[in-house]
1. Among the listed residues Arg173, Arg187, Arg233, which satisfies the condition of being surrounded by 14 or more Cβ atoms within 10 Å (Cβ to Cβ) and either closer than 30 Å to Asp130 by Cα or polar (S, T, N, Q) (or both)?
2. If Arg79 satisfies every condition in (1) open to solvent by 60 Å² or more (accessible area, probe 1.4 Å); (2) touching a helix residue (DSSP H, G or I) at 6+ places or on another chain (Cβ under 7 Å); (3) assigned to a loop (DSSP other than H, G, I, E, B) but one, which is the exception?
3. In the stretch 236-274, how many are touching a residue at least 40 places away in the same chain (Cβ under 8 Å), open to solvent by less than 30 Å² (accessible area, probe 1.4 Å) and either farther than 16 Å from Pro221 by Cα or in contact with a Pro (Cβ under 7 Å, 6 or more places away or on another chain) (or both)?
4. Please enumerate the residues belonging to the stretch 97-122 that are farther than 12 Å from Val143 by Cβ and assigned to a loop (DSSP other than H, G, I, E, B).
5. When you scan the stretch 194-227, how many residues do you find that are surrounded by fewer than 14 Cβ atoms within 10 Å (Cβ to Cβ), more than 21 Å from the chain's Cα centre (by Cα) and in a helix (DSSP H, G or I)?
6. Go through the stretch 278-299 and count every residue that is farther than 17 Å from Pro183 by Cβ and either open to solvent by 30 Å² or more (accessible area, probe 1.4 Å) or in contact with a strand residue (DSSP E or B) (Cβ under 8 Å, 6 or more places away or on another chain) (or both).
7. Based on what the data block shows, is Arg96 over 22 Å from Gly146 (Cα atoms), over 18 Å from the mean Cα position of the chain (by Cα), surrounded by fewer than 19 Cβ atoms within 10 Å (Cβ to Cβ) and basic (Lys, Arg)?
8. How many residues does the stretch 23-39 hold that are closer than 18 Å to Asp112 by Cα, over 14 Å from the mean Cα position of the chain (by Cα) and outside any loop (DSSP other than H, G, I, E, B)?
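The values are calculated or read from the model by the stated rules, or taken from the named source; none is laboratory data. Keep in mind it's a predicted model, so treat the numbers as computed, not measured. As a convention, Cβ positions derive from the backbone with ideal geometry for all residues, glycine included, and neighbour counts pool all protein chains shown. With ligands, DNA and RNA removed, areas are computed over all heavy atoms of the protein, side chains included. Shrake-Rupley method; radii C 1.70, N 1.55, O 1.52, S 1.80 Å.
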Amino acid sequence: MLPSMVQPAVLAGVVAISAAMAEVLHRVRQFAAARTPVVLVGETGTGKSFFAASMHRESGRPGPLVDVTAGELRPELARADIFGHERGAFTGAVARRAGLLEQAQNGTFLLDDFHLLDADVQAALLRAVDARSYRPLGAQRDVPLGCGLEFGVSRDLNALLSERKLLPDLRYRLGYCVIHIPPLEERREEIAPLARLFLAQCPDDSGVPDGPAQFAPDVIPMLQDAAYPGNLRELKGRIRAAYLLARGEPELRTAHFEGLRQDPQVFPRRGKRADQLRVVEWALARTAGRVGAAARLLGVSRNTVSALRSSHARSQSD
């Protein structure tokens, strides 16, 4: 891990304020150029594809980034899609076809949700990882693996293994160079800069130049207290929708954010002390009483958590 006193880290224009995200950027740099396969673990919308692309750029490989989700591949053709095939390899194979690994030559192959692949395709991937070579369907000889490998998954590898969705050998072959991308709820201190970044991107992303360029003062606290099951993708989508609703106005207001649900376990900065204490107690229970970890989970300072815990302890003793 990085030292506890982490300076803001920067990669591809992304500034990581939290220690968890600084660790993500650190690992992206450290793993980028290696031939060792890298696994990115993160919930939907946390930015796995973005960090995979960042790692590809950092690697210096001249070839392309070939990005595919296993769920997009038809199960009966997944092996041919990934490894390629020769003419006549199976019914309907009227010509040779380069697989995704060959298309990623001198570049990077990103396979997201790889646990959705059938066991025989997972076994073929394991062989390719171990031997640094693979055999297209119908071919007479192996082909050297000429690309970096990145795998994405939304759940813990051990959980997938226990559910028999992942071959044990593949799990243990891949499960060491891992980048855990935390959900947005665990890095709430980054919601404010992310929100400002997404708002600045709205004119280009939406094709509409006449929306507001700033938030009203009460919007950022509201965004910091909200629930985001869709993580970064949801935050960005909500800001873009609010931007369009606010066209012609000088600033984005809370009324422009429709259906934004407040997270019951978010520290209520504008709430009553009893509500603040309830959330702090929940965070401390979730983090085994570690003040620093509880503060990071809630996106507040250590002093805030310590002060509330101390005042509660004094009131209990009176």
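1. Numbers: Arg187 fails: either closer than 30 Å to Asp130 by Cα or polar (S, T, N, Q) (or both); Arg233 fails: either closer than 30 Å to Asp130 by Cα or polar (S, T, N, Q) (or both).
One residue alone meets the criteria, Arg173.
2. Every condition holds for Arg79 apart from (3).
3. Residues in the stretch 236-274 being touching a residue at least 40 places away in the same chain (Cβ under 8 Å), open to solvent by less than 30 Å² (accessible area, probe 1.4 Å) and either farther than 16 Å from Pro221 by Cα or in contact with a Pro (Cβ under 7 Å, 6 or more places away or on another chain) (or both): 2 in total.
4. Taking the stretch 97-122 as the starting set, the residues that turn out to be farther than 12 Å from Val143 by Cβ are 97, 100, 103-104, 106-122.
Ala104, Asn106, Gly107, Asp113, Leu117, Asp118, listed by residue number.
5. Result for the stretch 194-227: 2.
6. Total meeting the criteria: 6.
7. Working: over 22 Å from Gly146 (Cα atoms): no; over 18 Å from the mean Cα position of the chain (by Cα): yes; surrounded by fewer than 19 Cβ atoms within 10 Å (Cβ to Cβ): yes; basic (Lys, Arg): yes.
Answer is no for this residue.
8. Matching residues across the stretch 23-39 total 1.
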